[in-house]
Every structure is written in C-alpha cells, then in structure tokens.
Amino acid sequence: LREYSCNAVDAHAEAGCPERPIEVSLPNRMNPYFKVRDFGPALNENEIQDVYAFYGESTKRNSNNQIGMLGIGSKSAFAYGDNFVINSFIDGTKYIYNAFIDPSQIGQISKIGEEPTNEENGIEIVIPTREEDVSEFESKAKDFFKWFKLRPIIHGVSEPDYSDHEVLFSGKDWRWMDDPHQTHWGDQGSAVAVMGNIGYPIDENALNISYDDAETNLLTKNLVLDFEIGDLEIAASREGLQYTDFTRKALINKLKKVSKELTSQISKEFSGADTLFQAKCLWGTVFDMASPLYRLRSVMKDCLKWNGKLVDGDRL
C-alpha cells in the first residue's frame with residue numbers, strides 16, 4: 001500500500017500534476033487484486049527492467065520533492081507474493097510485464113504482451129491478493145490514506161470513512177485534534193509526524209526529553225506535526241523514524257514551536273473573559289479531565305492570565 005501509492009504520487013509530481021489524485025483498487029472477493037494507477041510518465045522496457053528488477057536502484061535519491069529514494073519500494077510486492085504485473089501505458093499502447101521470482105530466487109521481468117488502448121499514459125501495478133487478506137487491505141488503506149494531503153480515488157470497496165476529527169487549534173505545520181474517544185484515563189496514543197504523506201508515530205522515549213518538560217505533555221494522539229520531505233530521517237524499512245540527533249532536534253524544535261503557538265491561541269480565549277470567575281469557569285471547561293486539552297494544563301500552567309492574575313485552576 002505505502003510503497004506503490006507513494007511511487008504513484010511521486011509520478012504525478014514528476015509529471016507536473018500533483019493536484020490530481022492517484023487511483024487505487026482494493027481487493028474484494030470478486031476481484032482479488034490490489035492495483036495502483038498513476039497518470040505520470042510511463043516507462044519503456046529498459047526502464048521497467050532497471051526500476052523493478054534491480055535492488056537499490058532509485059530515480060529519486062537526490063530529490064526531496066519526492067517520497068521514494070531507497071530503491072526498494074518498487075519491489076515490495078515480492079515481500080507479499082512471487083509475482084505481480086506492471087502495465088505501462090504509452091501513447092495508445094498498453095505494455096504488459098510480469099515481475100516474478102524465478103526458481104533461483106532471483107527477481108525477473110518478462111514482457112508478456114502489448115495491446116492498443118485508449119487509456120492515458122502512466123503506470124498500473126497489479127498484485128494478486130489472498131482472499132483472507134481482503135479485509136486487512138481495506139483496514140490498512142483506511143489507516144494509511146488518512147494522512148494523504150490529496151487522498152486517492154478508491155475502487156473495489158466503498159470509500160473509506162476516515163473519521164476526520166475536528167481541528168481545535170492549528171498552525172502552519174501542526175494541528176491539535178479533537179478525539180471523542182479519548183479520556184484522561186484511557187490510552188493517550190502517540191503524536192504523529194507526517195512526512196511525504198506517511199504518518200509516523202513519535203516515540204516519546206526516543207526523544208530523550210524529561211517527563212517534566214512541557215513538550216512531553218504535547219505527545220498525545222491529538223497532535224499531528226507536518227514536515228517537509230527530508231526534515232526527518234526514516235528507518236530503512238520505512239516503518240518508522242530513525243531517531244538520530246538530526247531527527248530528535250527537528251522534532252523537539254517543532255514541539256517547542258507548537259507549545260508557544262498553542263499557548264498564544266488558548267490565551268486569547270481567556271483574555272475575553274469579563275471576570276476572574278468567568279476565566280476560572282473557562283479553565284475548568286477547557287482543561288476538564290475528559291477534555292482533549294487535559295494534558296495541556298501543564299503546558300499552560302504559568303501562561304494563562306486574566307487582568308494580570310494567574311489562572312491556574314478552576315477554584316477561587
């Protein structure tokens with residue numbers, strides 16, 4: 001899901017149509033194939049061989065405008081099965097290639113045909129799926145595509161309900177979300193760093209910050225941080241972040257920025273109170289134990305004032 005969808009998004013960026021959604025077909029019991037279709041530059045036979053047959057080969061390694069660069073994404077179907085199909089649409093002709101693992105366990109590409117077509121130029125990846133995996137593909141797609149700035153057009157199943165939560169506060173590159181299912185006593189979850197349309201849970205322990213630091217209280221699933229490609233380093237598996245000094249510094253700096261901007265935005269709510277009593281009532285409402293802002297009490301404890309008086313609780 002991740003690798004082929006991100007490759008398709010990159011193809012649209014390369015073709016100068018980043019605002020056009022890619023198309024994804026999720027498998028169902030009547031049509032057990034996972035497909036990703038882009039409308040970017042098509043590939044000729046030599047390019048197909050280079051990109052899909054050789055590990056470590058990447059056309060994007062020196063670019064931060066595209067998501068891929070590791071040279072493994074185009075081969076990721078081999079982690080699921082022994083073969084998949086690559087359809088390349090070039091100027092009215094559809095070229096069909098089979099990518100497969102041969103008896104010596106080496107990946108091979110074989111052209112199996114071509115036919116006229118009315119379809120636009122681009123690439124389509126077709127991966128046979130197992131019947132028992134149909135529901136998991138749909139579930140994983142919902143979790144994965146919710147972070148896409150431009151979500152794909154989905155075929156094969158009903159459009160996912162991404163359950164977008166209301167944004168309570170936001171800045172240019174962050175947002176604090178409402179979550180009706182979260183309580184103080186429940187699982188606080190992880191804040192998420194989104195880079196290149198992929199959401200990476202932030203490991204609080206890996207940041208090496210003190211539990212007493214205000215930024216620690218921001219690290220709940222309410223917080224979504226947006227980063228440009230290249231701002232963070234990722235693990236080779238692409239399953240998570242690589243917590244180098246470079247990545248930790250970028251995350252901590254962003255958390256400090258969020259803390260400052262969030263404090264400013266919430267403080268404006270209190271400046272509109274007519275009386276100290278009203279300000280105290282507002283504090284009790286905003287930072288109620290069941291509120292998505294509950295953990296921000298520690299962030300705001302020395303910042304909220306009404307007429308010069310500190311508002312640090314709901315008691316007079």
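The values are calculated or read from the model by the stated rules, or taken from the named source; none is laboratory data. Remember, predicted model here, so these are calculated numbers, not experimental data. With ideal geometry, Cβ positions are generated from the backbone for all residues, glycine too; neighbour counts draw on all protein chains shown. Note: areas computed on protein heavy atoms with side chains; ligands, DNA, RNA excluded. Shrake-Rupley method; radii C 1.70, N 1.55, O 1.52, S 1.80 Å.
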* Asked: Could you work out the helix-only [θ] at 222 nm for the chain, with each DSSP H run of four or more residues adding -39,500 (n - 2.57) and the total divided by the number of residues, to the nearest 500 deg cm²/dmol?
  -> -7500 deg cm²/dmol
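Taking R0 as 45 Å, what's the FRET efficiency between Thr275 and Thr244 from their Cβ-Cβ distance, rounded to 0.05? Numbers along the way, then the final one.
Working: r = 51 Å, r/R0 = 1.12.
E(calc), rounded to 0.05, equals 0.35.
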* Once the dipole of the chain is set up with Lys and Arg at +1 and Asp and Glu at -1 on Cβ about the Cα centre, which of Ala273, Asn83, Phe34 lies farthest towards its positive end? -> Ala273
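Show me the ranking of peptides 30-39, 44-53 by mean Cβ neighbours inside 10 Å, starting with the highest.
Working: 30-39: 19.2, 44-53: 15.5.
The most tightly packed comes first, giving 30-39, 44-53.
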* Structure fact -> Rounded to the nearest Å, the spacing of the alpha-carbon centers of region 85-104 and region 227-243 is 31
* Structure fact -> Distance in Å, no decimals, from the C-alpha centre of region 265-316 to the one of region 139-183 is 29
* Assuming R0 = 51 Å, can you tell me the calculated FRET efficiency for the pair Asn208 and Ala13, based on Cβ-Cβ distance, to the nearest 0.05? => 0.90
* Asked: Once the chain is represented by equal point scatterers at the alpha-carbon sites, with solvent omitted, what log10 I(q)/I(0) does the Debye formula produce at q = 0.07, 0.09 Å⁻¹?
  -> -0.38, -0.58
* Under 18 Å from Lys309, Cα to Cα: aspartates and glutamates that are on another chain or at least 8 residues apart -> Glu269, Asp274
* To do: For Asp302 and Ile153, calculate 0.36 nm times their separation in residues minus their Cα-Cα distance, and state this gained length in nm to one decimal.
  => 48.9 nm
* How far, in nm, would the chain grow between Lys256 and Asn31 when pulled straight, counting 0.36 nm per residue and subtracting the alpha carbon separation? -> 76.1 nm
* To do: Give Lys35/Lys146; Lys221/Lys268; Lys35/Lys254; Lys254/Lys280 a once-over and call out the pairs whose C-alpha atoms are over 28 Å from each other.
  => Lys35/Lys254; Lys254/Lys280
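Would you mind putting 268-280, 166-178 in packing order, based on average other-beta-carbon counts within 10 Å, highest first?
Result, highest mean Cβ count within 10 Å first: 166-178, 268-280.
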* Asked: In nanometres, what is the gap between the two model label sites at Asn98 and Ser139, each 7 Å from Cα along Cα-to-Cβ?
  -> 3.3
* Residue-level accessible surface for Leu316, protein heavy atoms, 1.4 Å, Å² -> 140
* Over the chain, what is the mean sequence separation of C-alpha contacts under 8 Å (at least six apart), divided by residue count, expressed as relative contact order in percent? -> 14
* Ranked by how many other beta carbons lie within 10 Å on average, peptides 240-253, 9-22 from highest -> 9-22, 240-253
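Ordering Cys6, Cys281 from largest to smallest accessible area (1.4 angstrom probe), what's the sequence? Please list the in-between numbers first.
Details: Cys6 0, Cys281 60 Å².
Per-residue accessible area, sorted high to low, gives Cys281, Cys6.
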* Given charges of +1 on the Cβ of Lys and Arg and -1 on the Cβ of Asp and Glu, with all other atoms neutral, how large is the dipole of region 228-287 about its Cα centre, in debye to the nearest 20? -> 180
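How much length would be gained if the chain were fully extended between Asn118 and Ser190, taking 0.36 nm per residue of separation minus their Cα-Cα distance, in nm to one decimal?
Values: separation 72, 0.36 × 72 = 25.92 nm, distance 4.62 nm.
The Asn118-Ser190 span can extend by a further 21.3 nm.
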